Amino acid sequence: MYSPSQFKVEDTQAMLDLIAQNPLATVIHTQGTRLVADHIPLMHVTNPQGQACLIGHVARNNPIWQMANDQEVLAVFQGASVYISPNWYATKQAGGKVVPTWNYTVVHASCQLKSIEEPTAVLNIITQLTNQQEAGQQHPWRVEDAPSDFTEKLLDHIVGIELTVKQLDGKWKVSQNQPPQNQSSVQAGLIQAGSEAQVAMAHLVKQHGQ
């Protein structure tokens, strides 16, 4: 990933927070001579060997799990992402030398993939993913809430995957390359525009600005 130094993030916890908040990964891998992208919710865990991993599950009909164990894949997690209008730059008034851009945050996880077919292990993955996503519900749904025979039948149709993380690369492109007056005016423009993503980006511009 092209990442100029002012946009590069090396804070591991910040990258893991982005993954937790945006768990739907685009997992890029090869099938023969083709590049393939699958969209898979993943959760960061530490395995018994102390390695950072991303766990999830896929349909048994999805060929991704049949690749050779330890084949490299790239998991991309997209965070906040918004269009930045030239109208929001304070320096627009001084000659108009401004152009549109896009602010975004993203994490790339370079991994090695291993498939998991043992039913108890797959059930454990499903349980962890469910508990993570249900945590914010007033009455969290649990895997055990479904009839056990129903769950057992479903397990026949899915396969667990474990992606051992070899490297995390983070990029926060949030107006760090703009002068302070433009960073302030971009924050104001985003807050006035008012969508949830725009307000979140305004906070990121403030957090990472000069």
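The values are calculated or read from the model by the stated rules, or taken from the named source; none is laboratory data. Remember, it's a predicted structure, so these values are computed and weren't measured experimentally. Using ideal geometry, Cβ is built from the backbone for each residue, glycine included, and neighbour counts are taken over all protein chains shown. Only protein heavy atoms, including side chains, enter the accessible area calculation; ligands, DNA and RNA are left aside. Shrake-Rupley method; radii C 1.70, N 1.55, O 1.52, S 1.80 Å.
Structure summary
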{"item": "Choice from Asp145, Asp38, Asp11 showing the highest fluctuation, given a GNM over the chain with Cα pairs closer than 10 Å", "result": "Asp145"}
{"item": "Alpha-carbon centroid distance for the pair region 13-69 / region 127-162, whole angstrom", "result": "18"}
{"item": "On Cα atoms only, tilt of 12-21 relative to the major axis of the chain in degrees", "result": "70"}
{"item": "Of His44, His139, His29, the one that fluctuates the most in a GNM where the chain has Cα springs shorter than 10 Å", "result": "His139"}
{"item": "19 Å Cα-Cα reach of Lys171 towards lysines, excluding residues that sit fewer than 8 places from it in its own chain", "result": "Lys8, Lys206"}
{"item": "For region 31-100, alpha-carbon Rg and Dmax in angstrom", "result": "21.0, 59"}
{"item": "Over region 52-210 - Rg/Rh using Cα atoms and the Kirkwood inverse-distance radius", "result": "1.15"}
{"item": "Choice from Asp149, Asp70, Asp17 showing the highest fluctuation, given a GNM over the chain with Cα pairs closer than 10 Å", "result": "Asp149"}
{"item": "Residue range of the chain that is longest and free of trypsin sites (Lys or Arg not before Pro) which are both DSSP loop and sparsely packed (at most 15 other C-beta within 10 Å)", "result": "143-210"}
{"item": "Average Cα contact separation per residue, the chain, under 8 Å, 6 or more apart, as relative contact order %", "result": "25"}
{"item": "Accessible area of the chain divided out per residue, in Å², using a probe of 1.4 angstrom", "result": "57"}
